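**Q** Sharing a structure with you now.
The values are calculated or read from the model by the stated rules, or taken from the named source; none is laboratory data. Here the structure is a predicted model, which is why all the values come from computation and not from measurement. Cβ atoms come from the backbone with ideal geometry, glycine included; neighbour counts cover every protein chain shown.
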Ligand code: 5RP
């Protein structure tokens, strides 16, 4: 485990208000965050999970998992990322949870992203961009993505929590993340693209191997 992930996860624990309803993302950094939250003895009214895997970790650590349909808007969402650019726009979905992550982020007033410093890039796209697709549309969407200059690779993995499949798009250099997010989301059969550009993170906590944590906000 990258020590920076642990440092960023620990810093995020300080942002959580006891007895609140928290949005919780997916991945190894978030898993550490949940464990540290439990260790700190912070109790929640409940948490909305962005994946079945996260729901299981929350339950194991003693937190109640709530249905987003029952909670209304959330004050705070904590999640990791696969790449982050200087505008706090993200590539997410390495773990396949991009659609639910985007939903919980959209329903939250504040999105705090926790990463180690290896996730920082100037331009998004070196990490293959995940696209969740309806299974019958997989080949059609792949052909459309080829026209955008990317190489779509079918992810050999179990279906997503939503019963869909993922194409990982290799070879992109994303100069205009909002435009590309819109273009890919408009392809018939695409459920979600793992670009979080229209709704970037509001705050970024970057953990370094020496335990230091740097904070950046959308305002700069
Ligand atoms: C899952 C995600 C994760 O946030 C992303 O993959 C980062 O994971 P990790 O914290 O394990 O590096 O988007 O769909």
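**Q** Could you tell me which of the residues 63, 33 is touching a strand residue (DSSP E or B) at 6+ places or on another chain (Cβ under 8 Å), within 16 Å of the ligand (Cβ to nearest atom) and in the same structural domain as residue 99 (by TED's automatic domain parsing)? Outline the logic, then answer.
**A** Numbers: 63 fails: within 16 Å of the ligand (Cβ to nearest atom).
After ruling out the rest, the residue left standing is 33.
**Q** Now for a separate question. If only one of 172, 205, 180, 167 is assigned by TED's automatic domain parsing to the domain that holds residue 109 and in contact with a strand residue (DSSP E or B) (Cβ under 7 Å, 6 or more places away or on another chain), which one is it? Break it down into steps so the answer makes sense when it comes.
**A** Details: 172 fails: assigned by TED's automatic domain parsing to the domain that holds residue 109; 180 fails: assigned by TED's automatic domain parsing to the domain that holds residue 109; 167 fails: assigned by TED's automatic domain parsing to the domain that holds residue 109.
Going through 172, 205, 180, 167 in turn, the sole match is 205.
**Q** Moving on. Does residue 132 satisfy the criteria of being within 13 Å of the ligand (Cβ to nearest atom), more than 28 Å from residue 6 (Cα to Cα), touching a strand residue (DSSP E or B) at 6+ places or on another chain (Cβ under 6 Å) and at pLDDT 95 or above?
**A** yes
**Q** Just one of the numbered conditions (1) touching a helix residue (DSSP H, G or I) at 6+ places or on another chain (Cβ under 7 Å); (2) closer than 19 Å to residue 10 by Cβ; (3) crowded, with 18+ Cβ neighbours inside 10 Å is not true of residue 63; which one?
**A** Result: residue 63 passes all but (1).
**Q** Here's another thing I want to ask about it. So which residues in the stretch 9-30 are out of contact with any strand residue (DSSP E or B) (no Cβ under 9 Å at 6 or more places or on another chain) and more than 16 Å from the ligand (Cβ to nearest atom), if there are any at all?
**A** Listed by number, the residues that qualify are 14, 18, 19.
**Q** Which one of 56, 142 is away from the ligand (no atom under 14 Å from the Cβ) and without any contact (Cβ under 8 Å) to a residue 24 or more places away in the chain? Give the steps one after another, and end with the answer.
**A** Working: 142 fails: without any contact (Cβ under 8 Å) to a residue 24 or more places away in the chain.
Going through 56, 142 in turn, just one is away from the ligand (no atom under 14 Å from the Cβ) and without any contact (Cβ under 8 Å) to a residue 24 or more places away in the chain: 56.
Every residue, every condition in (1) closer than 26 Å to residue 16 by Cβ; (2) buried (at least 16 other Cβ atoms within 10 Å of the Cβ), yes or no:
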{"position": "118", "(1), (2)": "yes, no"}
{"position": "130", "(1), (2)": "no, yes"}
{"position": "137", "(1), (2)": "no, yes"}
{"position": "143", "(1), (2)": "no, no"}
{"position": "170", "(1), (2)": "no, no"}
{"position": "178", "(1), (2)": "no, no"}
{"position": "190", "(1), (2)": "no, yes"}
{"position": "211", "(1), (2)": "yes, no"}
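**Q** Kindly list, by first and then second residue, each pair from a residue in the stretch 92-116 that is more than 20 Å from residue 133 (Cα to Cα) and in the same structural domain as residue 165 (by TED's automatic domain parsing) to a residue that is in a strand (DSSP E or B) and more than 6 Å from the ligand (Cβ to nearest atom), limited to pairs with Cβ atoms under 8 Å and residues at least 6 apart or on different chains.
**A** Between residues of the stretch 92-116 that are more than 20 Å from residue 133 (Cα to Cα) and in the same structural domain as residue 165 (by TED's automatic domain parsing) and residues that are in a strand (DSSP E or B) and more than 6 Å from the ligand (Cβ to nearest atom), there is no close pair.
**Q** Also, quick follow-up: Is one or more of the residues making up the stretch 163-170 touching a helix residue (DSSP H, G or I) at 6+ places or on another chain (Cβ under 7 Å), within 14 Å of the ligand (Cβ to nearest atom) and assigned to a strand (DSSP E or B)?
**A** Let us first name the residues in the stretch 163-170 that are touching a helix residue (DSSP H, G or I) at 6+ places or on another chain (Cβ under 7 Å), namely 164-165, 167, 169.
Retained after the next criterion (residues that are within 14 Å of the ligand (Cβ to nearest atom)): 164.
Still in the list and also assigned to a strand (DSSP E or B): none.
No - not one qualifying residue is present in the stretch 163-170.
**Q** Still on this structure, please answer the following. From 126, 132, which residue is over 14 Å from the mean Cα position of the chain (by Cα) and either in contact (Cβ under 8 Å) with a residue 24 or more places away in the chain or over 24 Å from residue 32 (Cβ atoms) (or both)?
**A** On the way: 132 fails: over 14 Å from the mean Cα position of the chain (by Cα).
So the residue among 126, 132 that is over 14 Å from the mean Cα position of the chain (by Cα) and either in contact (Cβ under 8 Å) with a residue 24 or more places away in the chain or over 24 Å from residue 32 (Cβ atoms) (or both) is 126.
**Q** Another question, if that's okay. Being surrounded by fewer than 18 Cβ atoms within 10 Å (Cβ to Cβ) and in contact with a helix residue (DSSP H, G or I) (Cβ under 7 Å, 6 or more places away or on another chain) is the filter here; which residues of the stretch 17-35 pass it? Lay out the reasoning, then the answer.
**A** So the first thing to find is which residues in the stretch 17-35 are surrounded by fewer than 18 Cβ atoms within 10 Å (Cβ to Cβ), and the list is 17-20, 28, 35.
Across the stretch 17-35, the qualifying residue is only 28.
**Q** Separate question: Listed residues 89, 110; which is surrounded by fewer than 20 Cβ atoms within 10 Å (Cβ to Cβ) and under 14 Å from the mean Cα position of the chain (by Cα)? Reasoning before the result, please.
**A** Working: 89 fails: surrounded by fewer than 20 Cβ atoms within 10 Å (Cβ to Cβ).
Result of the check over 89, 110: 110.
**Q** Go through (1) exposed (fewer than 15 other Cβ atoms within 10 Å of the Cβ); (2) within 27 Å of residue 52 (Cα to Cα) and name the single condition residue 164 misses.
**A** Of (1) exposed (fewer than 15 other Cβ atoms within 10 Å of the Cβ); (2) within 27 Å of residue 52 (Cα to Cα), only one is false for residue 164: (1).
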